[in-house]
Amino acid sequence: MIHLAIPDLRGNEAKYLRECIETTFVSSVGPFVTRLEEMMSGAVGATYAVATSSGTTGLHLALTAIGVQPDELVVLPSFTFIASANAISHCGASPWLVDVSKDSWTLDPQLLDEVLAKETKRSQKGLIHITTGKRVAAIMPVYALGMPADMARIREITEQYRLSVVADAAAAVGAEYNGALIGDWADISVFSFNGNKTVTAGGGGMLAGNNKELLDLARHLSTTARRGPDYDHDMVGFNYRMTNIQAAVGCAQMERLKSFIAAKRRIDMTYRQRLKDIQGISFFPSPAWAKSACWFTGITLEGPGLPSVPDLCGRLKEMGIEARIFWKPVHLQKSYASCPKTEMVVSGQIWDKILTLPCSTHLSETEQETVITSIERVLK
């Protein structure tokens with residue numbers, strides 16, 4: 001079976017894990033955690049970084065640190081993995097779901113500006129959503145598939161409305177926006193080290209940003225808000241720490257980040273070049289202002305006479321190839337059906353037409369050729 005996305009663990013992972021065991025630093029205190037934070041802050045262009053137990057806990061921690069409270073709203077694109085919305089719910093808040101742009105599959109800045117102008121009002125409590133009466137606490141753009149949102153435009157809007165920004169950058173390490181790294185565009189950007197990410201630690205997450213006070217608060221909250229070596233806790237905190245074992249794997253992976261990103265982009269370009277002549281398919285967006293990390297790559301099936309995505313997945317599986325459907329938007333999920341939302345012109349049209357294709361960083365040319373010829377055989 002040619003799998004969708006599996007980690008390449010042929011670097012220093014085993015060596016660093018043995019070091020953890022030999023030194024007994026296997027829990028949430030250890031040198032690899034600090035090293036991974038330093039490697040990530042440098043890799044994404046941020047001054048500070050805080051490791052967490054997962055991307056989801058990282059999002060919850062970031063939202064808590066910027067002050068999101070129960071019964072408030074956080075603007076979120078509907079086209080995202082449900083963990084983005086769940087992190088908002090873990091704060092006791094609710095997502096305000098907004099459609100994405102067809103040019104990037106990320107939060108649509110023009111639509112965001114329009115709905116904030118039409119559906120909110122200012123008060124002493126802040127920006128209020130008129131229909132629900134709830135305070136709009138923050139904006140959470142999502143860097144879907146490793147593609148940064150149009151953050152310059154989004155920041156202009158959030159500064160106008162005095163809203164904090166937490167970026168769900170789960171799969172976007174290595175991405176660029178307007179030719180620069182992405183770690184300083186949000187108040188806090190949150191990354192994931194889940195097993196299928198380009199860089200994995202088996203699990204875990206990372207907060208990154210330039211506001212020392214904010215990142216220090218996040219670190220304090222993540223370590224049960226403990227003050228010093230004694231059992232003195234000054235806030236309601238969380239046990240959201242990454243283990244030294246996870247960080248050891250992450251450090252070994254980060255040492256190969258440039259080659260991993262190059263491989264992902266090469267795989268994406270090969271699919272685009274080889275499959276472009278098949279009628280009825282298109283590729284993931286590639287706006288001029290951003291350079292995706294190409295976490296996942298694939299095609300969309302939009303032409304008449306083509307099989308459905310589940311049917312094509314099944315046929316490829318019979319040929320020994322793992323391909324998958326992608327995110328069902330949040331507005332279609334039962335637990336978020338009653339959230340305030342815009343019309344979902346783009347999210348509602350694209351989600352069930354997306355097919356993700358094998359894109360492991362160590363996918364061989366022979367394996368990719370097998371995937372391509374199999375798709376051609378089915379679709380032509």
Please determine whether any residue of segment 11-32 is touching a strand residue (DSSP E or B) at 6+ places or on another chain (Cβ under 6 Å) and not polar (S, T, N, Q).
no
Discussion item. Looking at segment 117-132, can you tell me whether even one residue there is part of a strand (DSSP E or B), surrounded by 20 or more Cβ atoms within 10 Å (Cβ to Cβ) and aliphatic (A, V, I, L, M)?
Written reply: no
ask   = of a type outside the set (Lys, Arg), without any contact (Cβ under 8 Å) to a residue 60 or more places away in the chain, out of contact with any strand residue (DSSP E or B) (no Cβ under 8 Å at 6 or more places or on another chain) and not assigned by TED's automatic domain parsing to the domain that holds Gly146 - does that describe any residue in segment 217-231?
value = no
*Might you check whether a residue that is in the same structural domain as Ala247 (by TED's automatic domain parsing), more than 25 Å from Cys91 (Cβ to Cβ) and buried (at least 21 other Cβ atoms within 10 Å of the Cβ) occurs anywhere in segment 42-65?*
yes
Would you be able to say whether some residue in segment 296-304 is within 23 Å of the chain's Cα centre (by Cα) and either more than 12 Å from Leu355 (Cβ to Cβ) or at pLDDT below 95 (or both)? no
Filter segment 1-37 for residues that are of a type in the set (Asp, Glu) and surrounded by 14 or more Cβ atoms within 10 Å (Cβ to Cβ); the one that is farthest from Val173 (Cα to Cα) is Glu19
Sole miss for Lys380 among (1) crowded, with 20+ Cβ neighbours inside 10 Å; (2) of a type in the set (D, E, K, R); (3) at pLDDT below 95 is condition (1)
Inset, instruction - Can you confirm whether segment 237-248 contains a residue that is surrounded by fewer than 17 Cβ atoms within 10 Å (Cβ to Cβ), assigned to a loop (DSSP other than H, G, I, E, B) and more than 20 Å from the chain's Cα centre (by Cα)? - result: yes
* To do: Determine whether segment 241-263 contains at least one residue that is more than 17 Å from Ala43 (Cα to Cα) and among the aromatic types (Phe, Trp, Tyr).
  => no
Filter pass, Arg162 being part of a helix (DSSP H, G or I), of a type in the set (Lys, Arg) and free of Cβ contacts under 8 Å to residues at least 60 places away in the same chain: no
Expected single match for touching a residue at least 24 places away in the same chain (Cβ under 8 Å) and either under 26 Å from Thr106 (Cα atoms) or of a type in the set (A, V, I, L, M) (or both) among Met147, Met235 is Met147
Of the candidates Lys328, Lys317, the one satisfying the condition of being surrounded by fewer than 21 Cβ atoms within 10 Å (Cβ to Cβ) and either touching a Leu at 6+ places or on another chain (Cβ under 8 Å) or over 20 Å from Ile6 (Cβ atoms) (or both) is Lys328
Of the candidates Ser164, Ser222, Ser189, the one satisfying the condition of being among the hydroxyl-bearing types (Ser, Thr, Tyr) and closer than 19 Å to Ser292 by Cα is Ser189
For Ser104, the lone unmet condition from (1) part of a helix (DSSP H, G or I); (2) closer than 27 Å to Phe260 by Cα; (3) among the hydroxyl-bearing types (Ser, Thr, Tyr) is (1)
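The values are calculated or read from the model by the stated rules, or taken from the named source; none is laboratory data. Here the structure is a predicted model, which is why all the values come from computation and not from measurement. In this analysis, Cβ positions are derived from the backbone assuming ideal geometry, glycine residues included, and neighbour counts consider all displayed protein chains.
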